[in-house]
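Right, one structure below, let's go through it.
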Amino acid sequence: MRGLLIAVEGIDGAGKTTIANHLCDFLSKKGYKCVVLKEPSESIYGKMIKSLKSRPDPETEMELFLKDREMDVKDRILPALEEGKIVIMDRYYYSNIAYQSARGLNADRIRELNERIAPKPDLVILLDLSPSKALERIKNREKLSIFEEKDYLENVRQKFREIADERTVIINAERDLEFVKREVEKAVMRLMEK
């Protein structure tokens with residue numbers, strides 16, 4: 001049996017890593033095999049993205065993410081799905097669409113390019129919160145990334161909402177963590193019961 005692919009999405013500071021890890025623990029306790037994968041990955045392109053000191057033009061940026069994702073799909077995502085695992089993505093191509101379309105690229109084109117190389121997720125969990133709250137949460141990080149500016153994040157948040165589709169469950173990530181965890185668990189269990 002092919003596994004399931006769950007993408008945890010949202011702007012920086014939304015709690016994606018916390019929720020992805022919680023979800024894997026939750027599912028493991030129920031007897032499911034799961035793995036959390038984070039993008040950008042550790043591929044040569046993922047490392048290039050993480051080491052950027054300034055942002056390249058939107059097209060170049062999108063290309064880097066696409067190349068990283070193509071390797072991630074081949075090396076980690078598809079093998080895990082073929083082993084029947086639940087793959088939980090800490091960011092996936094919905095981030096690519098939201099972040100690069102917020103810089104002026106066409107969202108439909110970004111989706112199409114990604115869906116040529118990457119499997120569609122069975123479920124997208126969009127952790128939604130305001131950029132001011134998000135920046136408040138991440139201000140303690142050692143250094144903010146080149147993607148973490150309030151006006152830009154407001155635009156990205158709007159793009160995430162616009163691209164939400166029938167696979168997407170939007171969860172209010174401004175609520176306390178326990179509430180968010182329960183809402184995510186419910187969304188995933190609805191998927192498992194289908």
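Please treat every number below as a calculation from the coordinates, not as lab data. From a predicted model like this one, the values you see are computed outputs, not experimental measurements. Backbone-built Cβ (ideal geometry, glycine too); neighbour counts: all protein chains shown.
Over the range 94-187, the ratio between the Cα radius of gyration and 2.2 N^0.38 Å evaluates to 1.15. At R0 = 25 Å, how high is the FRET efficiency between GLN158 and GLU193 if r is their beta carbon distance? Nearest 0.05 is fine. E between GLN158 and GLU193, to the nearest 0.05, is 0.20.
Extension gain, SER132 to LYS47, is 27.8 nm, computed as 0.36 nm per intervening residue step minus the present C-alpha separation. Overall, the anisotropy analysis places the range 60-132 in the oblate class: the square-rooted eigenvalues a ≥ b ≥ c of its C-alpha gyration tensor yield a/c not less than 1.5, with a/b not exceeding b/c. Of the chymotrypsin sites (Phe, Trp or Tyr not before Pro) found in the range 1-107, no site is in coil according to DSSP while having at most 15 other Cβ atoms within 10 Å of its Cβ.
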